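See below for the structure under consideration.
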C-alpha cells in the first residue's frame, strides 16, 4: 500500500513514536541489561564491560564526521553484519560503536575497521573525543561560520589525542555556528563559536510585507530595534550600539539579515563542563573574542585550540578538567600561561556580569 | 567528472579525521543533487557566507514539527538543492540500531532524499538532510507504515527527548533512562508534533551525575540519576587499586605515566565534600555527607558502586544563551523513584507546562520565565515546597515579597488610629 496524494488522510498513521530500542540491542546487551559490574578501557577506543553473569562485551568506538552518507552508513552496517550480529550504535558525541560478546571476536573486528580510513578507532578516556557540532554552511540559514570544515580541521590537528589518552582528563570540544548554539557549547571544555559582528541590514522596501514588525521589535533583547517610517513605508531602525548580534531579529524576520563575510568571526570559549564530577557543572568562558574565519582550514582557530589544549596538558593535574585547572591557578594566570591577550571585551557586561567581577583583594600579579 | 570544481573543499579531503567531503563526493556518484550541494558549499567557502535562505514552512499534514524547510538562495545555479528540506526521525533510546532497520531507512533516503544524513542532530534525532516538498508525505507514509517509526520534534514543541545509553551498558545508571525516554516520548506525542508551547522544551535523561547526555546544560527538564543510600564498597578491590593491580579510572589515563596510584591524593583529597578517609587498610565513606559527584566511583569502578536505593533528581530551566543568557538547570526535586508508569513525574511535568504556557512570553524558555518571575512563583505553581537543596546559598538581600496572608493582621490598617498616635 502506497501513499495516495488524492486521499492523504486515508489509512493515515500518526503519533506512533520511535521504534522500541529493545528491538535493536545486541543479545549480550539485552541479556545483561541493568546488571553490569564494571568496565575497563583496554586501549584507546576499546572498552570492556563486565556483567554480573560473567559475560563480557567488547566495544570498539570509531570516529564519524556526523555528516554521513547512506553509503558510509552501509559500510558500517556491513561490518556490524559480519562481526556484531547486525547491531551497532552511535554515541551522544556522534561516534559509532561496534560491540562483540567475546574477546576472540575483537581482533577480526578491529582489523576490518582499521582497513577503512573512515573509521579510525579512539575517543575514550582522558583524550579528545568527537566534536559535537551544528550544521554551518552545509545546511543552516543563520550561521556565521561553517561547522563540518572547522571540525575536520581541528580534529585532523588533534587526531593523536583522539587515538591516545594522554591528557589530564577528558577534553570535550564543541562547535556552534551561531549564538543559537544547537548543542552544549556553552558548557564545553573548549567551545568554538561563530559570531556575527555587524548589526542587521533592514530591507525597508519589503519588511512590512514579509515580517510582523512588532515581532521583530519584540525579539530584540536589548531594545535596539525601534519602529520607523522609511520612504512612507512602515519599517524599523536599528541602534547599532545596542546590538549584541544575537540574530534573534533575523530569526523572526528574514528582511533583517546579519551575515557578513568581512565581519563574521570565531569566538573561543574555555572551561565549561557538564559532569558533576568533583566540581559543579560550569559555563564556558570567552577567552578569545574574535578570530578570523578562514576557510578551508581555519589555521588561526586550529592553532588557538591546540595552544590551549597543549598548555593545559602540560600544566594541569591528573583528573583536572580545563575549567578546574583555570580556577585553581586563577584566570589571570590562565591568560598568562596560554599567552592570550586580555581586554575589556572579555569582561562581561550582559545580564550576569556582576557575578563574574572580582570583589576581593585576593588576586595574582601578572 | 565532477559538476563543479571544489578547490576549497578538496583541501578537506586531507588528514586523518574522516572527511565529509570525500564521503559526499562518493555519494554524489549516485545522488547527483549532492554535486550541487558541493557546488553551493564551495561557494560558501569562497564567499564566507551561507547560501541557504531563511526558513520556509513545510511539513506533513497534522504535524507542526519534524520537518524543517530549507531552500537555496541560488536555485538556478544549484537546482539540485533548490529545495533541500530536513526530516527529523525520532531516534530509538540509546541510539542502538539493527542493520535491518537502518537498511530500510537508508533505502527510503536513497529513493526519496539526497542520501545525506546527520547521525545524529544535536538533540538526538536521526536527521535526514535534503529532500523536496513533494517527497515529504511519501516519506512520512513509508516511515509510519513500513518502518513503524515517527518524526521527531521541531518548532515550539516538545523536542525529541533523548537519553544516555543507561542500564543497557553502563554500571552506573541509577534508573532506566531508555525506558523513561521512550515512555515520555510516546506519552507526549501530541506535544512533540503540534506546536502549543511558547518555545522549545527539552527533556533529557542521564543515568548518573556524570551526565553523558548534557541534561543539566541543555534541558528545560533534566532527569539525572542518583541514589540515596550508601556507596557499595569492595575493600579487596580498593586494596587492588592501591597496590597497583587495577588501573585507576578504568584505564582512562593510560596514555601517560602519572606515577603510582595514590588513593589519598587522587581520591580522598579530591572528594568535594571530604567525606572519605583511608587508614592504609580500609576506605571509609561518611555517606551522609556524600554529594554523589561520582569521582571516587569513576576512579575505582571495580571497588565502588552507587547504592541500591536509586532514582533521579529533577532539575529545571537549562538553556544556551539565546535570548536572556545561558542557564544551568536548577534543582527542583532532589530524589524521586523513576519507575513506570511515572505518574508522579508526569503530574509534575504537566504542572510545569500549564504554568509556562500561561505565563511564558513568545520565545521565552522555562528557565527565563523562572528568572523573570522568580523561583517562588514557580514553586507555588508546581506545588513543590522550598528546601535548602534548591540553593547554593540563601538570598543575601532581604527584599522578601511577603504575602498579605502571611503577615500578622494582614495589610489592612487604620490610618486615623495611626495618625492619632503619630500626628502629621
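Computed from the coordinates by the stated procedures, all read-outs in this text should not be read as laboratory data. The shown structure was predicted, so the numbers you read here are calculated from the model rather than taken from an experiment. Don't worry about glycine lacking a Cβ; one is built from the backbone with ideal geometry, like all the others, and counts go over all protein chains shown.
Calculate, in nm to one decimal, what residue B:422 and residue B:187 gain on full extension: separation in residues at 0.36 nm each, minus their alpha carbon distance. Mind dumping the intermediate values first?
Numbers: separation 235, 0.36 × 235 = 84.60 nm, distance 6.37 nm.
The span from residue B:422 to residue B:187 would gain 78.2 nm if fully extended.
Taking chain B as the reference, fit the longest principal axis to its C-alpha atoms, fit the long axis of helix B:33-47 to the helix C-alpha atoms, and give the angle between the two in degrees, 0 to 90, nearest 10.
The two axes meet at around 70 degrees.
Could you work out the relative contact order of region A:233-302, using alpha carbon pairs under 8 angstrom and six or more residues apart, expressed as a whole percent?
On the way: 63 pairs, mean separation 15.9, N = 70.
Answer for region A:233-302 is 23 percent.
Rounded to the nearest 5, what % of DSSP beta bridges with both residues in chain B are antiparallel?
On the way: 30 of 37 bridges.
Antiparallel: roughly 80 percent of the beta bridges in chain B.
Starting from the 7 Å offset along Cα-to-Cβ, what nm value, one decimal, do you get for the label separation of residue A:206 and residue A:329?
Distance between the two pseudo-spin positions: 5.1 nm.
Find the centroid of the Cα atoms in region B:2-61 and in region B:281-323, then give the distance between the two in whole Å.
44
Using only C-alpha positions, report the orientation-averaged shadow area of the convex hull of region B:19-61, nm², one decimal.
On the way: hull surface 17.8 nm².
The number I arrive at for region B:19-61 is 4.4 nm².
Provide the gained length on full extension for the span residue B:372 to residue B:262, in nm with one decimal, where the gain is 0.36 nm per separating residue minus the Cα-Cα distance.
On the way: separation 110, 0.36 × 110 = 39.60 nm, distance 4.76 nm.
That pair, residue B:372 and residue B:262, stretches by 34.8 nm at full extension.
Peptide A:255-266: average number of partner chain Cβ atoms within 10 Å per residue?
Working: counts 1, 1, 2, 0, 4, 2, 5, 2, 1, 3, 0, 0.
Per-residue shielding by partner chains comes out at 2.
Which value, in Å to one decimal place, does the Kirkwood hydrodynamic radius take for region A:85-170 when every pair of different Cα atoms is included?
Details: mean 1/r = 0.0673 Å⁻¹.
Hydrodynamic radius (Kirkwood, Cα only) of region A:85-170 equals 14.9 Å.
Let me have the 222 nm mean residue ellipticity of chain B computed from DSSP H runs of 4+ only, each contributing -39500 (n - 2.57), with the sum over all residues rounded to the nearest 500. The partial results should precede the final answer.
Numbers: 14 runs with 126 residues, N = 424.
That comes out to -8500 deg cm²/dmol.
Given a cut-off of 26 Å, what percent of all Cα-Cα pairs of region B:205-323 lie beyond it? Display every interim value, and only then the final one.
Numbers: 1995 of 7021 pairs.
Percentage above 26 Å: 28.
Please give the length that would be gained between residue B:289 and residue B:14 if that part of the chain were fully extended, namely 0.36 nm times their separation in residues minus their C-alpha to C-alpha distance (nm, one decimal).
Values: separation 275, 0.36 × 275 = 99.00 nm, distance 5.27 nm.
Once the chain is fully extended between residue B:289 and residue B:14, it gains 93.7 nm.
May I ask what percent, to the nearest 5, of DSSP beta bridges between residues of region A:127-243 are antiparallel?
50
Over chain B, with a Gaussian network built from C-alpha contacts below 10 Å, which listed residue (B:227, B:172, B:355) shows the highest mean-square fluctuation?
Highest fluctuation among the options: B:355.
To one decimal place, what Kirkwood hydrodynamic radius in Å is obtained for region B:1-142 from all pairs of distinct Cα atoms?
On the way: mean 1/r = 0.0623 Å⁻¹.
Roughly 16.1 Å, rounded to one decimal.
Computed over the Cα atoms, what is the radius of gyration of region A:235-326 divided by 2.2 N^0.38 Å, N being its residue count?
Details: Rg = 17.8 Å, N = 92, 2.2 N^0.38 = 12.3 Å.
Here the Cα radius of gyration is 1.45 times the empirical estimate.
Provide the descending list of Cα extents for region A:145-195 along its principal axes, expressed in whole angstroms.
Result, largest extent first: 33, 22, 13 Å.
Which three extents, in angstrom, do the Cα atoms of region A:1-137 have along their principal axes, listed largest first?
So the extents along the principal axes, rounded to whole Å, are 58, 41, 26.
Can you tell me what share of the DSSP beta bridges in the protein assembly as shown is antiparallel? A percent to the nearest 5 is fine.
On the way: 73 of 86 bridges.
Of those bridges, close to 85 percent are antiparallel.
When the distances between all Cα atoms of the protein assembly as shown are binned every 10 Å from zero, what whole-number percent does each bin get?
2, 13, 23, 27, 20, 9, 3, 1, 0, 0
Quote the FRET efficiency, to the nearest 0.05, computed for residue A:366 versus residue A:105 with a Förster distance R0 of 51 Å and r equal to the Cβ-Cβ distance.
Working: r = 56 Å, r/R0 = 1.10.
My answer for the efficiency is 0.35.
Please tell me the relative contact order of region A:302-366 in percent, rounded to the nearest whole number, where contacts are Cα pairs under 8 Å and at least six residues apart.
Values: 23 pairs, mean separation 17.9, N = 65.
Relative contact order, region A:302-366: 28 percent.
Using the 2.2 N^0.38 Å rule of thumb for compact globular proteins, work out how region B:58-135 stacks up: its C-alpha Rg over that value, please.
On the way: Rg = 13.2 Å, N = 78, 2.2 N^0.38 = 11.5 Å.
So the Cα radius of gyration is 1.15 times the expected 2.2 N^0.38 Å.
Give me B:187, A:139, B:422, B:51 sorted ascending by neighbouring Cβ count inside 10 Å, so fewest comes first. Show your work: numbers first, answer last.
On the way: B:187 15, A:139 26, B:422 7, B:51 20.
Ordered by Cβ neighbours within 10 Å, fewest first: B:422, B:187, B:51, A:139.
May I ask for the angle, rounded to the nearest 10°, between helix A:70-83 and the longest principal axis of chain A, with both axes built from Cα atoms and the value confined to 0 to 90°?
That helix lies at roughly 20 degrees to the long axis.
Of B:367, B:69, B:152, which is the most mobile in a GNM of chain B whose springs link Cα atoms less than 10 angstrom apart?
Taking springs between Cα atoms under 10 Å, the residue moving most is B:69.
Over the Cα atoms of region B:210-257, compute the convex hull volume and normalise it per residue, giving Å³.
Details: hull volume 5.2 nm³, N = 48.
Dividing the Cα hull volume of region B:210-257 by its residue count gives 108 Å³.
Pairs of alpha-carbon atoms within less than 8 angstrom and 6+ residues apart define the contacts here; what relative contact order does chain B have, in percent?
Working: 744 pairs, mean separation 45.6, N = 424.
11 percent.
Give me a single rounded figure for B:205-218: the average over its residues of other chain Cβ atoms within 10 Å of their Cβ.
Values: counts 0, 4, 0, 3, 5, 4, 7, 5, 3, 13, 3, 8, 13, 7.
Mean partner shielding for this stretch: 5.
To test your reading of the geometry: what angle, between 0 and 90 degrees and rounded to tens, separates the Cα axis of helix B:136-145 from the longest principal axis of chain B?
Relative to chain B, helix B:136-145 is tipped by roughly 70 degrees.
Ignore the peptide's own chain and count Cβ atoms of other chains within 10 Å of each Cβ in A:187-200; give me the average, rounded. Present the calculation step by step, with values, prior to reporting the outcome.
Numbers: counts 9, 2, 0, 0, 0, 0, 1, 0, 0, 0, 0, 0, 0, 0.
What the average comes to for A:187-200 is 1.
Between residue A:74 and residue B:74, with labels modelled 7 Å along Cα→Cβ, what's the label distance in nm to one decimal, could you check?
In this crude label model, residue A:74 to residue B:74 measures out at 3.0 nm.
Just B:188, B:101, B:241 to compare: in a GNM of chain B, with alpha carbon springs under 10 Å, which one fluctuates most?
Of the options given, B:101 has the highest mean-square fluctuation.
Can you give me the three principal axis dimensions of chain A from its C-alpha atoms, in Å, biggest first?
For chain A, the Cα extents along the three principal axes come out at 76, 75, 36 Å.
Taking 4 °C and 1.567 mPa s as the conditions, I'd like the Stokes-Einstein D for chain B in µm²/s, using the Kirkwood hydrodynamic radius from alpha carbon pairs.
Working: Rh = 25.4 Å.
In µm²/s, the coefficient is 51.
Let me have the 222 nm mean residue ellipticity of chain A computed from DSSP H runs of 4+ only, each contributing -39500 (n - 2.57), with the sum over all residues rounded to the nearest 500.
Helices in chain A give a 222 nm mean residue ellipticity of -7000 deg cm²/dmol.
According to a simple spin-label model (label point 7 Å from Cα along Cα-to-Cβ), what is the distance in nm between residue A:226 and residue B:414?
5.4
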